1. For the range B:18-34, which residues satisfy the criterion of being under 12 Å from residue A:37 (Cα atoms) and either facing chain A (nearest Cβ under 10 Å) or at pLDDT below 95 (or both)?
2. Would you please name the residue that is nearest to the other protein chains (Cβ to nearest Cβ), looking only at residues in the range A:52-74 that are buried (at least 23 other Cβ atoms within 10 Å of the Cβ) and farther than 30 Å from residue B:331 by Cβ?
3. Looking only at the range B:107-131, how many residues end up being among the aromatic types (Phe, Trp, Tyr) and assigned to a helix (DSSP H, G or I)?
4. As an exercise: evaluate residue B:354 against (1) over 30 Å from residue B:132 (Cβ atoms); (2) within 14 Å of chain A (Cβ to nearest Cβ); (3) surrounded by fewer than 22 Cβ atoms within 10 Å (Cβ to Cβ); (4) modelled with pLDDT of 95 or more and give the number of the one condition it does not meet.
5. Could you tell me which of the residues A:82, A:94 is out of contact with any helix residue (DSSP H, G or I) (no Cβ under 7 Å at 6 or more places or on another chain) and within 14 Å of chain B (Cβ to nearest Cβ)?
6. In the range B:283-298, which residue that is more than 23 Å from the chain's Cα centre (by Cα) and more than 12 Å from residue B:343 (Cα to Cα) is nearest to the other protein chains (Cβ to nearest Cβ)?
7. Being part of a loop (DSSP other than H, G, I, E, B) and surrounded by fewer than 17 Cβ atoms within 10 Å (Cβ to Cβ): is that true of residue B:271 here?
8. Contact list please: Cβ distance under 7 Å, first residue in the range B:343-356 and in contact (Cβ under 8 Å) with a residue 40 or more places away in the chain and assigned by TED's automatic domain parsing to the domain that holds residue B:292, second residue of a type in the set (Ser, Thr, Tyr) and assigned to a loop (DSSP other than H, G, I, E, B), pairs at least six apart or on different chains.
Amino acid sequence: MSNIPENLRYSKDHEWVGVDGDIATVGITDYAQHALGDVVYIDMPRVGDKFGTHEAFGSVESVKAVSEIFMPAGGEITEVNDGLNDTPEAVNNDPYEAGWMVKVKMDNPGEADAMLSSVEYEEYLSAST
Amino acid sequence: MSETELKRTPLNAAHRQLGGRMVDFGGWDMPVQYPAGVIEEHMRCRTRAGLFDVSHMGEIWVDGPGAIDFVNRLTTNDVTRLIDGQAHYSALTNPKGGVVDDLLVYRFAEEKLLLVVNAGTTEKDWGWITSHHTDADNCALTNASGDFCQIAVQGPDALGIVQQLTENDLSAIKYYHFTEGWVDEVESIISRTGYTGEDGFEVYAHPKYAEKLWNKFLETGSYGSAEGILPCGLASRNTLRLESAMSLYGHELDDDITPLEANLGWITKLDKGDFTGHDALTALKEKGLTRKLAGFEMTEPGIARDGYDVYVGDEKVGTVTSGSPAPFLKKNIGLAFLPVDFAKTGQEIRIDVRGKHLAARVVPTPFYKRPS
């Protein structure tokens, strides 16, 4: 059973978003980290980079596989979790806190509201697995 | 392919009970990893012990006065050099010198050999071998793949674990030798072989004893304790063999790759007499190789994966056959076929990692060698 915090929003690509005003914190879900297995490297964008909604902004690499991460709500990167360079395993161990990846200043904060709620994401997972 | 159509080893239920994540591996329902995860499994095998279900491998008996000559004619290594109780690594080759499969040849007696072949190629190998076999070969072939379970216990603690379960003196079995004996009162073949780069044993027995042996190895290896044995899935099996630069069929070897190109000259005995592919391999050796398997490590952050292109300057010079993080070495490594001029230690290359050309360097193989 996946951990799906109620206070976050979710994409069908298994990213989560925590919204604070027009700033979104983005990471990958517990389901996604579990599916990937041991994360060993995260290729991340730089502060100031701009991405459109659904555009790939980086990739997560596990021992076995590589998976792109998509921008759930387009905008400009304001912060990157550099700590993941040294402790990529935080994405496995603590995907919703220490494992956050980027903060983005959303062009259109309404996009985050339109994402899946925790209940909808859970339904989406049980329907697709 | 739906799950019900996949083939299962006799340990399928055991894998599920241990929380193994099951995947379709060449038509077999196999665990890719257990809850400990690929890194922990890999490290435990390097430092203590790992347990592997390799029951999906194929086994073919060759019995009769012509057994040695027959296998010698189909494979690259010199079967006449084996003594009873010895095994060797070899290759089945086609007339072009390409590899039909890589395999182990066990000599039980002068008239009794066992071929152990890859799971995904068992049917292909059986077809190949039987199509080259006639009554004049004076030996009988038996596809015995269903008659065996095969469990590998690998790592520095492997000998101590298996020894507790058998009267046979395991330290007396040399590397690539084997004995017939009893393990936990189960009639077994105990072979000092493996696919991890560690010391260890591969134990063959009747499939009905698979669970009993598997559970006994876990128990004897203190599974569940911090330093205990861990069951290892296909993912760590792959990273372990890659660190040791052992070939994986379908990646470093296939019908269009010769053993000479894959650094397997040491199992290609061109002076032993004729065998399938002998002339092509001899000609290739005389003419000189154009490409050769090389190991590389990334010198920039990034991970090379199977199938990525290799560049020197702007020129595409090869393709990655296996690429992965190396959990023990804590590097990102890979194998690739490169033109011989570029397959030299120290050669700077670039790997096309999803559009970015990242720096890497050719290094000696194996990447990992166990402390002796």
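The values are calculated or read from the model by the stated rules, or taken from the named source; none is laboratory data. Treat the numbers as computed from the prediction; the structure is a model and nothing was measured. Quick reminder, even Gly has a Cβ in these numbers, built from the backbone with ideal geometry, and neighbours come from all protein chains shown.
1. B:21, B:32, B:33 - these are the residues of the range B:18-34 that are under 12 Å from residue A:37 (Cα atoms) and either facing chain A (nearest Cβ under 10 Å) or at pLDDT below 95 (or both).
2. A:71
3. Residues that pass the stated criteria total 2.
4. Status for residue B:354: all satisfied but (4).
5. A:82
6. Applying the filter and picking the extreme gives B:298.
7. For residue B:271, the condition - part of a loop (DSSP other than H, G, I, E, B) and surrounded by fewer than 17 Cβ atoms within 10 Å (Cβ to Cβ) - is not met.
8. Pairs that qualify, where the first residue is in contact (Cβ under 8 Å) with a residue 40 or more places away in the chain and assigned by TED's automatic domain parsing to the domain that holds residue B:292 and the partner is of a type in the set (Ser, Thr, Tyr) and assigned to a loop (DSSP other than H, G, I, E, B), are B:351/B:308; B:352/B:308; B:353/B:308.
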